[in-house]
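What follows is one structure encoded as structure tokens, with my remarks underneath.
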Amino acid sequence: MMRDLCIYYATTVKYGFKMELMKAFGEPISKDGIHVINHKGAEGFDVKNTSHALIFNYQRVAPGQEKLKERLQLRVNVWNKYKESGNIWMFDNDVLNGIDSHLNHNYEYDIKNSFVRVAYGDIYPGKAKYFNDKCPSDRWERMKKIKRIDLKDYNLKGEHIYICCNRGSSGYSGLGVNAAQWAIDTVDELRKHTDRPIIIRQHSSRSYIEHKSDYQRLKEYSETSKNVSIHSPLDHYPGLVGEIRKAFAVVIFTSTAGGPAIIEGKPLFITNPNCYFLPMKAGELSDIEQPNISINRQQFLNNLGYSHWRLPDLESGEYWERIKDVI
């Protein structure tokens, strides 16, 4: 039974939209008579003894990692307290943020119309509870309108295979797998099944430690491999969506580049079972020339609409009303 909730504001930055999301989450719960602790300020890094908790995101600790920043260590500490009970909510990124980042809609995007994925009990898809099984289309239709998404029919007209990398070995979704090595291993496997041109797209971020070394490895690999080229911020780096539109298929580990592939009607191949897009997997890499596109994409998108929520949805209690009886 949900007795009380501690909201750990110090698990994110000290100001702005993320703080508003944290506050908005707790307000309808408090109005329902459940004790909500808005844990912030100088004492905000202590872990409270409440039945439930909210942190802004999960934090993976890599082997041998140096001391974490205080707010990241707090994520770890709170998660360790609640990982057995599962009585914890975590905000996560919008899996369709690749649409927002790479399409120019010619309008000023209102951050309060942006979406956050709300996970309960765990952060990894397949383990996390989104309370979104067999959902209707209403929230997806709303999301599609806000993002101005044009959902394309599936087509197999492209020539190349587009491999989209995660960010080095960092990020919780990467599970510590080096992106460059993953891409090289993926090409080697694909070459057993196809002769199509292959393009490896490095992650857009330049902030992670392996960015330059990964690029050098991929560049050297491409120069000694047949029909393999590289897209990198350190060199030639065309727009993501435009390249996906020209591709025959897209391959990811857990990258959100899978989102534009689904929207643009391109077969998506996934090598990590913890990927949110796993229900849209078009087969194994060995199936690259015969991808399965007879997938219930509409139901996947309907369910996606019920795992992603905006600030007004949290403030109004729409999310809480949906899940409170289950909690």
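Each reported figure results from applying straightforward, stated rules to the coordinates on display, with no laboratory input. Since we're looking at a predicted model, the values are computed, not measured. Here the Cβ positions follow ideal geometry from the backbone for every residue, glycine too, while neighbour counts run over all protein chains shown.
So here's what we get for this one:
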{"read-out": "Charge tally in the Cβ shell below 14 Å around Glu289, where Lys, Arg are +1 and Asp, Glu are -1, Glu289 excluded", "value": "-2"}
{"read-out": "Relative contact order (percent, whole number), the stretch 160-292, Cα cutoff 8 Å, 6+ residue spacing", "value": "28"}
{"read-out": "Environment charge of Gly265, counting only residues whose C-beta is closer than 14 Å and scoring Lys/Arg +1, Asp/Glu -1", "value": "+3"}
{"read-out": "Trypsin sites (Lys or Arg not before Pro) restricted to DSSP loop in the stretch 197-261 with at most 11 other C-beta within 10 Å", "value": "Lys226"}
{"read-out": "Rounded to 5, percent antiparallel among DSSP beta bridges of the chain", "value": "20"}
{"read-out": "Reachable aspartates and glutamates, given that their alpha-carbon falls under 13 Å from the alpha-carbon of Lys219 and they are not under 8 places away in the same chain", "value": "Asp235"}
{"read-out": "Highest average packing first - 190-200, 254-264, Cβ atoms within 10 Å", "value": "254-264, 190-200"}
{"read-out": "Cross-link pairs beyond the 29 Å C-alpha cut-off, checked among Lys18/Lys83; Lys127/Lys324; Lys69/Lys134", "value": "Lys69/Lys134"}
{"read-out": "Neighbour cut-off at most 13 other Cβ (10 Å), DSSP loop, chymotrypsin sites (Phe, Trp or Tyr not before Pro), the stretch 1-56", "value": "Tyr15"}
{"read-out": "Tilt relative to the chain, helix 17-31 - C-alpha long axis, 0 to 90 degrees, to 10", "value": "40"}
{"read-out": "Ranked list, fewest to most other Cβ atoms within 10 Å of each Cβ, for Ile293, Ile163", "value": "Ile293, Ile163"}
{"read-out": "Residue order, fewest to most surrounding Cβ atoms within 10 angstrom, among Val326, Val250", "value": "Val326, Val250"}
{"read-out": "Residue order, fewest to most surrounding Cβ atoms within 10 angstrom, among Phe131, Phe269", "value": "Phe131, Phe269"}
{"read-out": "Neighbourhood net charge (12 Å Cβ-Cβ; Lys/Arg +1, Asp/Glu -1) for His52", "value": "+3"}
